[in-house]
1. List the residue pairs whose Cβ atoms are under 6 Å apart, where the first residue sits in segment 504-517 and is farther than 12 Å from LEU444 by Cα, the second is at pLDDT 95 or above and part of a strand (DSSP E or B), and the two are 6 or more positions apart or on different chains.
2. Checking ILE556 against (1) modelled with pLDDT under 90; (2) of a type in the set (A, V, I, L, M); (3) closer than 23 Å to PRO201 by Cβ, only one condition comes out false. Which one?
3. Among the residues of segment 466-483, what is the count of those that are open to solvent by less than 90 Å² (accessible area, probe 1.4 Å) and touching a residue at least 12 places away in the same chain (Cβ under 8 Å)?
4. Only one residue in GLY531, GLY545 is in a loop (DSSP other than H, G, I, E, B), of a type outside the set (A, V, I, L, M) and either outside the structural domain of ALA566 (by the TED database) or over 13 Å from LEU444 (Cα atoms) (or both), so which one is that?
5. Among LEU150, LEU160, which is the only one that is touching a strand residue (DSSP E or B) at 6+ places or on another chain (Cβ under 8 Å) and either open to solvent by 30 Å² or more (accessible area, probe 1.4 Å) or in the same structural domain as ALA535 (by the TED database) (or both)?
6. When you go through ALA235, ALA243, ALA210, ALA273 one by one, which is the residue that is at negative phi and at pLDDT below 80?
7. Would segment 548-570 turn up any residue that is over 27 Å from ASP431 (Cα atoms) and of a type in the set (S, T, N, Q)?
8. Can you name every residue in segment 440-455 that is more than 31 Å from the chain's Cα centre (by Cα) and open to solvent by 10 Å² or more (accessible area, probe 1.4 Å)?
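The values are calculated or read from the model by the stated rules, or taken from the named source; none is laboratory data. Just so we're clear, the structure is a prediction, and the values are computed from it rather than from any experiment. Positions of Cβ are generated from backbone atoms using ideal geometry, with glycine treated the same way; all protein chains shown enter the neighbour counts. Calculation scope for accessible area: heavy atoms of the full protein, side chains included, ligands and nucleic acids excluded. Shrake-Rupley method; radii C 1.70, N 1.55, O 1.52, S 1.80 Å.
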Amino acid sequence: MSGRIRHLAVLLVVVLFPGASLAWTASRWWPQVRVTLADLVDPRITATTVFVVACAAAAVLWAILAAALTVEVVTSMTRPGPARRCRLPTPFQVTVSALLGAYALTRAANPASSPPESHRATVDSADATTADDPSPLGELGEPSSRETPLGLTLPDGSWLPDPLANAITAAASVVWQQRRRDYQPDPDGRTRHLGLEPLPPTVSAVSAAADATTDPSSDVRSGTLFTPRELPAGATGMTGPGAADAVRGVIVSLFLDPDGSDTVVSTRETLEALLIPAVDASTIRTLDQFPTLAGVDELAAMNGYAGGLTLVALAPSDPESRRRLRDLLTATGAVAVLLGQWDRDRTWHVDTDGHVYPDQVDNGLIGRLCTLKPQATADLLRLAAVARGTAPEHARTAPTIRYTPPPRPGSSDAQLRLRILGKPELLHESDRITVRRAAAWPLLVYLAQHPHGATTAQLAAVIWPGERTHATRDRLYTTVSELRRNTAIGGTQPVVERDGDHYRLHPATDVDVWHLMDAIDRAARATTEQGRITAWTAVTSLYQGELAEGHRWPWIQPHRERLRRAAIDSYVGLADHAGPTTALQLLQRAAAVDPLNVYLPDRIAAVQAS
């Protein structure tokens, strides 16, 4: 309606008002205009003639404009209004909307009271009962409005935020890449097993759960994640039932920070109080005399402490030591995390879940810190030392991983075929069998590596590391039952046999890795050069790719690397007994098996130079 009113106003102002004015002027001055028009035939140009011609031209132009405008206004008033224009979203808006929609659907399918099956172990009883337990929340008012940190809870009660869990996974990957890089091929297989010991159980549990999503509503008090990098300069005391766990979390977080280079300094007394075992001097620098005056002087004498030193110690009680420490931290800008009471406005209370409150709780929740139990701390410090290269692995003798052949290896004409070198697949004759459950593939691959089978507890520990066996027994039983049902085709024996609490692959199944391991075993037992060459040739022919390619189960790395090393050793052994041209081809194939190995390019260069 407002548009039509505007159109009428334009019509009145631009068309009707000038027209009425022109008509009034013509009626008043018409006799004079007529005389002037008669004078137009006069060849002389006068001012009156110019004025009359200009007015006539203006009148003609006005008439044309008025006619066109009248037609346009009438047409626009009679036709329906245009449809509302719909703005198309930008690509960024489309992406964000899709992510939010997926998150909403996930939350609807997985409410807070029922976390996803793959991550059920990360929610312990403490988190589940938080809403019913009395807490300082009632005294503090509303919880923090900042973003709730995501993380995972280990069965021992340790809580790790997602950034730390990702750093642990990255450090574990670095360790295995270093092991691949530094391996020196040994055709005799005497050193093949060195450096293949599994990473600590805590690392396996974190790696297995790192990709799972933690429900942020499991604890309304979670506040925001408070990292050691955000600790204020100077000293901060920590008290409360979770203080020791939080201090351990600070130490591990600093060591596993990919962007951090801080020097962590502590005392033997502090490490004993935190139940941290003896560590390498390159991991944590220890002071013998702190918190005495001599210890403060030793701390001040350290090089490179300005802005890059974090002191972890018991809070000193001696007034002079407290004063000296305060002056030192003020002068250097270093950070101190003290277990115990410090200044009243610089002491935090940490509860069992890592929630941090000021000593005067009226100020509200500060945030949440990583909390670690002693064994988890020892495991992660060991990982940090190995990843940094400060703990030599080959100085120790690792347990040998040996292959135990099945009672009767699967024949090539078996109806069921399990292929796990390269991308895994399960076949009935030539038809692929769909494996639906996520736990089925680690079950099959693990049993293939252990032909004589494994118990329920062993399988649960590798498929669902960190979870309690009683919580995973039903899932294992369901997975095995579905596998047996899907592979019992036309009277064929199911791929998995069960005998009470013991599971194994059916011996009649043709498993490619069994043939490979049999060839590796023949190479190790061969007593003649020709026997070794024959076995090495079989190994290189049977190795069709890394074990369970594309899967990142924490337990698989030792088995995967053992087979990879066996293939490299076989290529190198054959190259040692071949001419230059053939040796070069064999070494190039070995390098293709593991492009990270630094020894093979040197061997290739040596052969090319010769």
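1. ASP512/ARG419; ASP512/LEU421
2. Condition (1) is where ILE556 drops out.
3. Residues that pass the stated criteria total 12.
4. GLY545
5. Result of the check over LEU150, LEU160: LEU150.
6. Within the list ALA235, ALA243, ALA210, ALA273, the selection yields ALA210.
7. yes
8. HIS452, GLY453, THR455 - these are the residues of segment 440-455 that are more than 31 Å from the chain's Cα centre (by Cα) and open to solvent by 10 Å² or more (accessible area, probe 1.4 Å).
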